[in-house]
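Take a look at the structure below.
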Amino acid sequence: MKKVYLFLFVSFLFFSCSNKSDDLNSLNENELSQKINEFYQNKNFLKSAEAIEVFVKKYPQNPRSSEYLLNLALLYTNDLKNINSAITQYKRIINEYPNSKEAPNALFTLGFIYANELKDFSNAKIYYEEFLKKYPQHEAAVSVKFELENLGKNPDDLINNIQNNTNKSNK
């Protein structure tokens, strides 16, 4: 009889420990947001990414969804070092949230990643030109123009050219 009680007690503990906080799909918007932050602060980046995916899937119309996708792209870039997954998230922002405040940043960053990380200058050019077409007055437009003018050039040569031009203008 004691074994039966022990089994029931252990079973109860097991099931009570797997409460709704473990099941991300059962959480509401605020609870998911808290989980995203909690996982990230605890450096549990994969769980943070999973929670963001659940949030965006469950609440695509929530204004935080595009912000979370940008955070997810940054998480893949900086913390998980998975550039292909980061690219996927930046593209999702552009495609699913084209009017969000995150869309220009996503488009610029795609150009930057293709140019500077992947050395894929043809794709970089496509994203940079799209950026200028969509956001010609954006504060990053000057940087995009500079990037386009210097695609594929050696960074050391660029620095030397800038220093030489500065020296010439100071004389």
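The values are calculated or read from the model by the stated rules, or taken from the named source; none is laboratory data. Small disclaimer: the values here were computed from a predicted structure and weren't measured. Cβ placement follows ideal geometry from the backbone for every residue including glycine, while neighbour counts extend to all protein chains displayed.
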Within segment 67-80, is there a residue that is among the acidic types (Asp, Glu), in a helix (DSSP H, G or I) and under 19 Å from ILE113 (Cβ atoms)?
-> yes
Quick count over segment 124-146, residues being more than 20 Å from LEU70 (Cβ to Cβ) and not aromatic (Phe, Trp, Tyr), is 9
Considering only segment 77-111, how many residues are farther than 21 Å from PRO63 by Cα and either surrounded by fewer than 20 Cβ atoms within 10 Å (Cβ to Cβ) or hydroxyl-bearing (Ser, Thr, Tyr) (or both)?
-> 9
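Could you list, in sequence order, the residues of segment 146-171 that are assigned to a loop (DSSP other than H, G, I, E, B) and either surrounded by 11 or more Cβ atoms within 10 Å (Cβ to Cβ) or modelled with pLDDT of 70 or more (or both)? Don't jump to the end; show me each part of the working.
If we filter segment 146-171 for residues that are assigned to a loop (DSSP other than H, G, I, E, B), which is where we start, we get 150-154, 171.
Within segment 146-171, ASN150, LEU151, GLY152, LYS153, ASN154 qualify.
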Which residue pairs have Cβ atoms under 6 Å apart, sit 6 or more places apart or on different chains, and have a first residue in segment 84-107 that is of a type in the set (S, T, N, Q) and a second that is modelled with pLDDT of 95 or more?
-> SER85/TYR76; GLN89/LEU69; GLN89/LEU72; GLN89/ALA73; SER100/SER66
Mind listing whichever residues of segment 98-143 are part of a helix (DSSP H, G or I), more than 17 Å from LEU74 (Cα to Cα) and polar (S, T, N, Q)?
-> SER122, ASN123, SER143
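Identify, please: which residue in segment 37-73 is among the hydrophobic types (A, V, I, L, M, F, W, C) and in contact with a Leu (Cβ under 7 Å, 6 or more places away or on another chain) and is, among those, surrounded by the most Cβ atoms within 10 Å (Cβ to Cβ)?
Within segment 37-73, the first condition is being among the hydrophobic types (A, V, I, L, M, F, W, C), and the residues that meet it are 39, 45-46, 49, 51-52, 54-56, 69-70, 72-73.
Okay, now just the ones that are also in contact with a Leu (Cβ under 7 Å, 6 or more places away or on another chain), so 45, 49, 51-52, 54-56.
Working: PHE45: 17, ALA49: 23, ALA51: 25, ILE52: 28, VAL54: 18, PHE55: 24, VAL56: 21.
Within segment 37-73, the match that is surrounded by the most Cβ atoms within 10 Å (Cβ to Cβ) is ILE52.
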Filter segment 81-97 down to residues that are within 23 Å of LEU32 (Cβ to Cβ) and outside any helix (DSSP H, G or I) and give me whichever is nearest to the chain's Cα centre (by Cα).
-> ASN82
